[in-house]
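Right, one structure below, let's go through it.
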Amino acid sequence: MAKFAHLALVLAASTLMASSYQPEPVIPPAPTFQVSVLPDSTLKDVAIAVYHPEHPRIYVNPRLMKRLSPALQAFFLAHEYAHIDLRHTRASALRAPAASRNEALQEKELEADCLATRRLALDDPAAAQAAIRFFRRQGDSSYDAEHPTGTRRADNIAACLGAE
């Protein structure tokens, strides 16, 4: 009889725990393919990702990257890895009508920011906070027409972090 009482206690405890369980946001697993990270001092950006199913690459401008704090470096690398993980290509955005191409590319940037933020929130939340501060300082300007404004990116990162 003591065996059944113990089982009832375990079941009651697990039912109580299950009723208060809040699932974490779904974060896609990292891909199983190898990503090459290559230096390229001619880049005008800190880094860019080039998705290819067999040979994805991230090109990094080491000169520009050195100007950033370690937290921002971590964010921008996580952002580029997110582009690879999400299988973002410029070609898919360029298939959009001309009037909405930049918006399609901006959405890809926001998606990569969000995935990077969710992954960093687990191990390096300071990197996401550094990105929010960086983009808030950028304000309503943007790197180019294909990137959202700093304000939009900061708001998006904060929302993805759950810090709105």
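Annotations
- Of the residues making up the stretch 117-164, just one is among the polar types (S, T, N, Q), assigned to a loop (DSSP other than H, G, I, E, B) and surrounded by 18 or more Cβ atoms within 10 Å (Cβ to Cβ), namely 142.
- Test for residue 30: is it within 23 Å of residue 126 (Cα to Cα), modelled with pLDDT under 95, surrounded by 11 or more Cβ atoms within 10 Å (Cβ to Cβ) and out of contact with any strand residue (DSSP E or B) (no Cβ under 9 Å at 6 or more places or on another chain): yes
- All positions within the stretch 32-77 that are touching a Lys or Arg at 6+ places or on another chain (Cβ under 7 Å) and among the hydroxyl-bearing types (Ser, Thr, Tyr): 36, 41, 51
- Some residue of the stretch 63-73 being of a type outside the set (Asp, Glu), modelled with pLDDT under 95 and either surrounded by fewer than 12 Cβ atoms within 10 Å (Cβ to Cβ) or on the phi > 0 side of the Ramachandran plot (or both): no
- Here the stretch 120-153 is the region considered, the condition is being among the hydrophobic types (A, V, I, L, M, F, W, C) and more than 22 Å from residue 44 (Cβ to Cβ), and the residue that is modelled with the lowest pLDDT is 122.
The values are calculated or read from the model by the stated rules, or taken from the named source; none is laboratory data. Not measured: the values here are computed from a predicted model. Neighbour counts run over all protein chains shown; Cβ positions are idealised from the backbone, glycine included.
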